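In what follows, a single structure is set out as structure tokens and then discussed.
The values are calculated or read from the model by the stated rules, or taken from the named source; none is laboratory data. What you see is a predicted model; the values in this text were computed from it and never measured. Positions of Cβ are generated from backbone atoms using ideal geometry, with glycine treated the same way; all protein chains shown enter the neighbour counts. The protein model used for the area step is the full one, side chains on, heavy atoms only, and it has no ligands, DNA or RNA in it. Shrake-Rupley method; radii C 1.70, N 1.55, O 1.52, S 1.80 Å.
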Amino acid sequence: MTTIKLDKFCLVAAIAALLALIFPLSGVDPESGKQIAFVSDISGIAVAMALCVIAGAAFTWLGVGHIQYAAIILVVAVFGCWQAIAALYDYGIAGHAGTGFWLFILSLWAFVWRGIDVVARYRSLEMAKQQSANILVPIAFGVWLLFLWEVIVAGFGVPQVLLPAPSAIGLRFISSTDILAADFQQTFIKAVISGYVIGCGSAFIVAIAVDRVPFLKRGLLPLGNMVSALPIIGVAPIMVMWFGFDWQSKAAVIVIMTFFPMLVNTVTGLNAAGALEKDLMATYASGYWSTLFRLRLPAAMPFVFNALKINSTLALIGAIVAEFFGTPIVGMGFRISTEVGRMNVDMVWAEIALAALAGTAFYGAVAYVERKATSWHPSFRVRRH
Amino acid sequence: MTLKAVVNNVAQMPASADAVVDIQKLSLTFQTADGPVYALSDVDLKIERGEFVSFIGPSGCGKTTLLRVIADLEKATGGDISINGVSPQEARENRAYGYVFQAPALLPWRSIERNVTLPLEIMEISREERIKRGHEALKLVELNGFEKKFPWQLSGGMQQRASIARALSFDADLLLMDEPFGALDEIVRDHLNEQLLKLWARTNKTVAFVTHSIPEAVYLSTKIVVMSPRPGRIIDVIKTDFPKDRGLDIRETPEFLEVAHRVREGLRAGHSYDE
């Protein structure tokens, strides 16, 4: 007797969609005392639910062994998501979503989970196919989270001041690109980039000096440790007093924040070259600078890039927080603090989205350079065969 | 062909003016928290030009330390040592020797070619010349065609051959090798021994070779230095007279076994097992 292995996620999806057809789609309108909408009123969502039942039942039996099946599941889920959004906004369910609606979302969740799971485990020897699968997973996951956010905010009618829907944030983002561009220019291009370059660059040079001069290592490293422990909230107003309202004071805060991680990592990295390699260089009568450039700095690169990655996110945080303490009337931190006061929460979220995008892109760029520069490192080399 | 192993004690032979390495009453003591460690004591040794000298002995007998003193990676605390008539430090600064370590010590961010030409780069030799000499060195160890590969893409034996090519690339007359084949399997080791011997016969370099394998020492050397631990000292120097173009098959001849036996006796005499 062969045991039949049922696909649990598809089973959940099928049952949830079936129940969604039975349970009420929405709550009761308090004024008229009538149900706002029934499944039978909205053909789109009814079709989507029926599709989910069919697909769920079919794949419970078949299993989702092939990437093609996963594609079918995801297409059904995308159609379902579209119909759910349409039902929310076009049929007035927003704010009144009922059990049936949430069961339908649960069904979609099960489908998306199973579909992404299959794509994530997809292995192909063809680079193009594998890479598209690798890219699809985080995108699909991100889009699903945004959908969930949208549906929960709209379905429960969450007040905009508490949490705006992603669509509202997106609209605000698109409609105020000029303000966002000016803020980005002020905070990121001027303050973050210059602070990051000055902070990381000076720490790198100081690290080489510290490594060369023993008393600096004993004297400066503990001091650097103390500076890094300074609370940024306390330092920022002082920097504003010293360097003025414009981006220079923000850059100064970033320099303080990024200096120590870079210093410590570079000093550690400079000691990463093994005794054997140092002996090897000694047998060639290699001088200090020759050994530094040919052996010790290349060996330190993984550590240096580690610090550069840590600092890429620290720098943005530093700039935004520092802008809370005085700034000309432009900048991401300035915008966040003033728009919160004016209850324009969607604008705050648009700035947060901008910061997230800029931070991710910055980190990604540093990580990309790292991969190119230290492709020899064991953590990357497997990909080169 | 007479395969007569002339076994005599070199320590009593007259000193030659052509000594590459001349060591007299050398001692080295490491100061540690547990008291002094006598790594080398009262070592006398001459290595003539064109010789292949093996240092053999149990772990901790100071054979690697002795090689490191010759290479100026370690400073002697007593006695005299001269390399080509000058101090080890001057010899190192003149790039008088190529050193092959126990591990390949190839830099992972450099291709094989750029690893092999690393010493030439440090010596500020022009790019064309570097590439030319790199090719020659790689050909000597039969690694031509692997120039653009990275160290981790090569097997352990190939990596060690690349490190030998690196030591050969700047054509130093003296080659110091510290158990270069210690981590390799028997077959690869035999093959590399054969190649090394051919290389030595062709280039007429002077080789100092640390090992703990008796067959390897006897097969490769013109002179075998047997050492014993605590304190590290030389207890026997055995000179052999196998032809330069010997093959691996001489290892079965009575002469070979005779020398191997004498080395074993020396090792046994210098080693007490009740420690």
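Quick notes on this one:
- Boolean, B:Asp173 is touching a residue at least 12 places away in the same chain (Cβ under 8 Å), more than 19 Å from B:Arg133 (Cβ to Cβ) and touching a Ser or Thr at 6+ places or on another chain (Cβ under 7 Å): no
- Exclusive hit being exposed (fewer than 15 other Cβ atoms within 10 Å of the Cβ), out of contact with any strand residue (DSSP E or B) (no Cβ under 7 Å at 6 or more places or on another chain) and on the phi > 0 side of the Ramachandran plot, set A:Gly157, A:Gly142: A:Gly157
- Close pairs from segment A:336-365: first open to solvent by less than 40 Å² (accessible area, probe 1.4 Å), partner of a type in the set (S, T, N, Q) and at pLDDT below 90, Cβ under 8 Å, at least 6 apart: A:Val345/A:Gln160; A:Asp346/A:Gln160
- Residue ranges of strands (runs of 3 or more DSSP E) in segment B:32-108 with at least 2 members on the phi > 0 side of the Ramachandran plot: B:35-48
- Qualifying positions in segment B:141-177 - at pLDDT below 90, charged (D, E, K, R) and closer than 30 Å to B:Ser82 by Cβ: B:Asp171, B:Asp173
- Hits in segment B:80-102 (condition: surrounded by 19 or more Cβ atoms within 10 Å (Cβ to Cβ) and facing chain A (nearest Cβ under 8 Å)): B:Arg92, B:Tyr97, B:Gly98, B:Tyr99, B:Phe101
- Check on B:Glu194, touching a residue at least 12 places away in the same chain (Cβ under 8 Å), in the same structural domain as B:Gly247 (by TED's automatic domain parsing) and touching a His at 6+ places or on another chain (Cβ under 9 Å): no
- Residue match in segment A:343-361 (condition: under 22 Å from the mean Cα position of the chain (by Cα), in a helix (DSSP H, G or I) and of a type in the set (Phe, Trp, Tyr)): yes
- Elements of type helices (runs of 4 or more DSSP H) in segment A:224-311, at least 1 residues being more than 30 Å from B:Trp109 (Cβ to Cβ): A:232-243, A:247-270
- Condition check for B:Val116: touching a helix residue (DSSP H, G or I) at 6+ places or on another chain (Cβ under 9 Å), among the β-branched types (Val, Ile, Thr) and within 14 Å of chain A (Cβ to nearest Cβ): yes
- Check on B:Leu118, farther than 20 Å from B:Lys244 by Cβ, touching a residue at least 12 places away in the same chain (Cβ under 8 Å) and either in the same structural domain as B:Ala71 (by TED's automatic domain parsing) or in contact with a strand residue (DSSP E or B) (Cβ under 9 Å, 6 or more places away or on another chain) (or both): no
- Leading residue by the ranking (nearest to A:Tyr196 (Cα to Cα)) among those in segment A:293-313 that are within 12 Å of another protein chain (Cβ to nearest Cβ) and aliphatic (A, V, I, L, M): A:Met301
- Residues satisfying the stated conditions in segment A:182-200, i.e. open to solvent by 30 Å² or more (accessible area, probe 1.4 Å) and either closer than 15 Å to A:Val253 by Cβ or modelled with pLDDT of 95 or more (or both): A:Lys190, A:Ile193, A:Val197, A:Ile198
- Single residue of A:Ala251, A:Ala273, A:Ala236, A:Ala203 found to be under 30 Å from B:Gln102 (Cα atoms) and crowded, with 17+ Cβ neighbours inside 10 Å: A:Ala273
- Qualifying residue in segment B:138-149 (condition: within 11 Å of chain A (Cβ to nearest Cβ), under 29 Å from A:Lys372 (Cα atoms) and crowded, with 19+ Cβ neighbours inside 10 Å): no
- Of A:Phe111, A:Phe104, all but one fail to be open to solvent by less than 50 Å² (accessible area, probe 1.4 Å) and under 21 Å from A:Phe156 (Cβ atoms); the exception is A:Phe104.
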